[in-house]
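The numbers here are math on the coordinates, done by the rules we state, and not lab data. Predicted model, so just to flag it, every value in this text is computed and none were measured. Cβ atoms come from the backbone with ideal geometry, glycine included; neighbour counts cover every protein chain shown.
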Amino acid sequence: MGGRLYGRGHEAMSWVAGVDGCAAGWFVAFWDGKGHWKQALCQDFNAVLACTQECAIVGIDIPIGLLDAPRKGGRTCDRIARRLLGGPRNRSVFSPPCRRLLALCQAYEHEPKQELFRRAQRLQQPVGLTRQAFALLPRLCEVDREMDARLQRRVREVHPELCFFAMNDGRSMRHSKHSNEGRAERIALLERLAGWHAWYETLCTRFARTQFAIHDMLDASAAAWSAWRIHAGQAVRIPAHPPRDAKGLRMEIWY
């Protein structure tokens, strides 16, 4: 399954995209900054790249740029993001696995997950590894295989909670995105964006929740908003002068 684009197309170069992982693979929200929205469901990151190739900026909720060895608190951008968000939303910013853990991806679908998790924990010592970070290994591998410094000019790492933080004038969301209250407060912010409410209502009636959850769509929408800010020169990058990893990728988060 490649990228399935729904909705009428508009001038390609006026679009940005926000991308979030979902049950079907990746949910992609396209926005033209004016009021037109559309979406795609992609099975893998190559399909994401194919259907967003003419977008000016793509904001994706996945770590880009990895440490060679474990470090307490993760990358500099992860530590800054937690400080900005404060509790309890800072718990949504996990420390990604170091690069050497990507070698486990080949075994991810074939070996018992519990044993593989124990191996990952040993490789990540003395810091350790959360189950959330471990579960993202296949997606991290997908992205890392394709990413290089040139592609990173257009495909940028974002974090939805930081996107909502910026959208809410520097205040973190009060509730978890998995709660009814958290969904409501995020929707209230996104409804300020022209055309978003009608698009949201269409999605809720047309697609099964087995393909993506509502919070996937909300996170991708917020990522698209930050992608537009990057395109317009209004976004913030943390840290301001990011280090590069062994592949030459900047370890940074935009919002």
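Its Cα centre serving as origin, region 123-255 has a Cβ charge dipole (Lys and Arg +1, Asp and Glu -1) of approximately 200 debye. Given +1 at the Cβ of Lys and Arg, -1 at the Cβ of Asp and Glu and no other charges, the dipole of region 34-155 around its Cα centre is 680 debye to the nearest 20.
Scattering from region 117-255 was approximated by placing one identical point on each alpha carbon and applying the Debye formula without solvent; log10 I(q)/I(0) at 0.13, 0.18 1/Å stands at -0.73, -1.23. A simple charge model with +1 on the Cβ of Lys and Arg, -1 on the Cβ of Asp and Glu and nothing else charged puts the dipole of the chain at about 740 debye relative to its Cα centre.
If you average the sequence gap of Cα pairs under 8 Å that are 6 or more apart and divide by the length of the chain, what percent do you get for the contact order? So the answer I get is 29 percent. Place a label point 7 angstrom from the Cα of Q53 along the Cα-to-Cβ direction, then list the residues of region 122-163 whose backbone nitrogen is under 15 Å away. Of the residues in region 122-163, 151 have backbone N under 15 Å from the label point off Q53. Taken as entire DSSP H runs, the helices of the chain that both span 20 Å or more between Cα atoms along their own long axis and average -1.0 or more on the Kyte-Doolittle scale are 214-231. Unpaired cysteine residues in the chain (no second Cys Cβ under 4.7 Å): C22, C42, C51, C55, C77, C98, C163, C204. Counting only DSSP beta bridges with both residues in the chain, the antiparallel share comes to about 75 percent.
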